[in-house]
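Reading through the structure tokens given below for one structure.
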Amino acid sequence: MQRAAPQEFSRVLSSMCTEPHPAARDAAERFLATNPGDPETYQEVARLERRAVETLGEIADLSDPHGYVTSGGTEANVQAVRSARNRLRVEDPNVVVPESAHFSFTKAADVLGVELRRVPTDDDHRADVDAADAAVDDDTVLVVGVAGSTEFGRVDPIPELAAVAHDAGAFLHVDAAWGGFYLPFTDHEWSFAHAPVDSMTIDPHKSGRAAVPAGGVLFRERAGLDALAVDTPYLESTSQATLTGTRSGAGVAAAAAAMDALWPDGYRREYERVAELATWFAAELRERGFETADVDLPLVAASISEPVFERLREEGWRISRTESGELRVVCMPHVTREMLTAFLADVEAVHAA
Ligand code: PLP
């Protein structure tokens, strides 16, 4: 049975975080005082992290995954850029991303001294492969494809982008931070099995129902992770590949617990529920005169006027807009039909006023 949304989530419609699974909440509390950044000292949480990475590999179709539980999608994306830069060692490195890529790539480029080349998306908000092809050159170290974009829930043509990257001698990274727990139940070609993907971001603390902080980064080859390792003189272990040093055992244990509880059947059921919910909600909006983008992954984007948007925020709805101004509603596990029915009633009341 669907649990009632707790107060803090009852009007949250635009966040990609959600209520953790009960097993994840318990695990987070139990491992609160552990530090997986020091795996020889905190061996139990280190074991849970290996299990979490194995399961993330299964979800993303990678049988021998190399990776770790990051603080979130931002760290995972920064590390993917850093790994590619460190492995290819060109003089003036650049990274090619679609315009739809998350702003974490802007941070990555800034801290790593890498040029960011943003290329247009097509009419359906997916990466334009020809534009990516025109943007790569001998100094490109990474091409990024998004599998579940933040604003429209779109999946880029990953096999085609992988070909562009590899023809240019660069690596291909897939950002499935949000989409990764839904995509196994769709026909999209997004995983390590569908294309020669080199690295991936896939975050348990979004649709995976872990507690924050729990992102994930995976590399196909050991060398991807090794390119991040530095020596750690004062710890029991001798090297560390993570960006943060001391980090939360809570997130790691929560990720392992959520995935143990939900992969695959629980995630499949949840995907089916939110897919149906998003389709229904988009149709209800259209009946009320809104234009909506086609729904792919469970995220609804709809045209909305500034005054209506502001009035709904004043009513307490936690909603946001895309860069081009559409209302964005993310059907996360805490979002129910009751919540969206209440939202639609407020939409009508605002229109009538
Ligand atoms: N990548 C995508 C596609 C996202 O949607 C987000 C956040 O929403 C991120 C990366 C960044 O993740 P985080 O906020 O966990 O750092």
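What follows is calculated from the coordinates using simple rules that are stated; it is not laboratory data. Every value quoted in this text rests on a predicted model; they were computed, and no experiment measured them. As a convention, Cβ positions derive from the backbone with ideal geometry for all residues, glycine included, and neighbour counts pool all protein chains shown.
Among the strands (runs of 3 or more DSSP E) confined wholly to the stretch 1-119, which include 1 or more residues that are surrounded by fewer than 19 Cβ atoms within 10 Å (Cβ to Cβ)?
115-119
Identify the residue in the stretch 256-291 that is farther than 22 Å from Val350 by Cβ and small (Gly, Ala, Ser) and, among all such residues, is surrounded by the most Cβ atoms within 10 Å (Cβ to Cβ).
Here the answer is Ala258.
Name the residue that is farthest from the ligand (Cβ to nearest atom), counting only residues in the stretch 120-138 that are under 19 Å from Ala163 (Cα atoms) and surrounded by fewer than 18 Cβ atoms within 10 Å (Cβ to Cβ).
Ranking the candidates gives Asp138 first.
Wholly within the stretch 217-314, which helices (runs of 4 or more DSSP H) include no fewer than the required count, namely at least 1 residues that are charged (D, E, K, R) and within 28 Å of Tyr182 (Cα to Cα)?
Where helices (runs of 4 or more DSSP H) fall fully within the stretch 217-314 and carry at least 1 residues being charged (D, E, K, R) and within 28 Å of Tyr182 (Cα to Cα), they are 222-226, 249-262, 265-287.
Search the stretch 154-201 for residues being β-branched (Val, Ile, Thr) and assigned to a helix (DSSP H, G or I), and hand back the single one that is nearest to the ligand (Cβ to nearest atom).
Ile158
Of the residues Arg85, Arg30, which single one is among the basic types (Lys, Arg) and more than 22 Å from the chain's Cα centre (by Cα)?
Of Arg85, Arg30, the one residue that is among the basic types (Lys, Arg) and more than 22 Å from the chain's Cα centre (by Cα) is Arg30.
How many of the residues in the stretch 169-205 are under 13 Å from Asp61 (Cα atoms) and among the charged types (D, E, K, R)?
Here the count works out to 2.
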